[in-house]
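Before any comments, here is the structure.
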Amino acid sequence: MSKMKLAIQAYSVRDAAEADFVQCMRDLKQMGYDGVELAGTYGMTAVQVKAVLDEVGLALVSAHVGADLMWDDALMADYAATGMKYVVIPWFHKPTDAAFLADNIDKFRVLGERMRSFGLQLGYHNHNHELETVPEDGRCALVAYYEEIPADLLVTQLDLAWVKAGGYDPAAFLRRYSHRAPTVHIKDYRGIFGTDDFELCPVGEGTQDVPALLAAAEAVGTEWLIVEQDHANGGRTQMECAAISAANLKQLMA
């Protein structure tokens, strides 16, 4: 039985969370999720969100927070007061040359130090553009970030679908980051990225080799698998897709 726990990125079920946050969290717990990663706080403080999750029985694993918002002392103190460990940059500008890449690296290093001052650990969530080779540098940006910034200032949060869409074997790529991947976004899709037939789908319904991804995550010491499906598919609701992902993963992790 896997030691990893299963969480969901709240953006995946944003409609239900915005309509009735408490009921949405109860439903996620019923589906079998163990925790939640936030993408905003739904009109509450982070501390108030944590109280809801405590009552429901879900862990607050982490939060996606825009890099510009990380300069807000009150906001970061609020997140820190929850006891949450990881705060993750959800998206950042694509570096177009070596100077741009170096500037991004400097910014992340400073933010990593700043998050550490709040008792938080900075992470980075990738999309596919970070897997493109940066002109004048020769590396993809994601590899450069983790080569240049120490693990105590920046941990990985690899989105395994975007890694695959970027042209890499996601299980092999994850294995590069042993003990630096406490959280992983597990995501599935069908079709070819960049074409009309590309479609995100519940985990286990697409082309990802999910058992291989789970084995890699286990091998590198991942604590939390975080389901993310940016858009529901197949005429289903976001919550219906979340339930399918949970059921499929729980079966494979048993």
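Computed from the coordinates by the stated procedures, all read-outs in this text should not be read as laboratory data. Model, not experiment: these values are computed from the prediction. Positions of Cβ are backbone-derived with ideal geometry, glycine not excepted, and every protein chain shown enters the neighbour counts.
When the Gaussian network model of the chain links Cα atoms closer than 10 Å, the mean-square fluctuations of Arg116, Arg180, Arg14 top out at Arg116. Between Ile8 and Gly35, Val36, Glu37, Val227, the built amide H atoms are under 5 Å apart, and every one of these is 5 or more places off in sequence or on another chain. Sorting 25-33, 183-191 by their mean Cβ neighbour count within 10 Å, with the most densely packed peptide first, gives 183-191, 25-33. Counting only DSSP beta bridges with both residues in the chain, the antiparallel share comes to about 15 percent.
Any idea how far the Cα center of the stretch 7-79 sits from the one of the stretch 127-183, in Å? Their Cα centres are 25 Å away from one another. Less than 5 angstrom separates the built amide H of Val155 from those of Leu122, Gly123, Tyr124, all sequence-distant by 5 or more or on a different chain. With Rh defined as the Kirkwood radius, the inverse of the mean 1/r over Cα pairs, the Rg/Rh of the stretch 1-42 is 1.00.
Close amide H pairs (under 5 Å, H built 1.01 Å from N) link Cys140 with Val134, residues at least 5 positions away or on another chain.
Relative to the Cα centre, the charge distribution of the chain, modelled as +1 at Lys and Arg Cβ and -1 at Asp and Glu Cβ, gives a dipole magnitude of about 720 debye. Its alpha carbons considered, the stretch 1-121 gives a radius of gyration followed by a Dmax of 15.8, 48 Å.
On a per residue basis, the convex hull of the C-alpha atoms belonging to the stretch 170-233 measures out at 83 Å³. Counted over the chain with a bin width of 10 Å, the fraction of Cα pairs per bin, in whole percents, is 7, 32, 37, 21, 3, 0. Applied to the stretch 170-181, the Karplus parametrisation 6.51 cos²θ - 1.76 cosθ + 1.60 on θ = phi - 60° returns per-residue 3J(HN,Hα) values of x, 5, 5, 5, 4, 5, 5, 10, 4, 6, 10, 10 Hz, with x for Gly and Pro. Hydrophobic long helices, here whole DSSP H runs in the chain with Kyte-Doolittle means of at least -1.0 and Cα atoms spread over 20 Å or more along the helix axis, are found at 98-117, 238-253.
For the options Asp73, Asp34, Asp209, a Gaussian network treatment of the chain with springs between C-alpha atoms closer than 10 Å singles out Asp73 as fluctuating the most.
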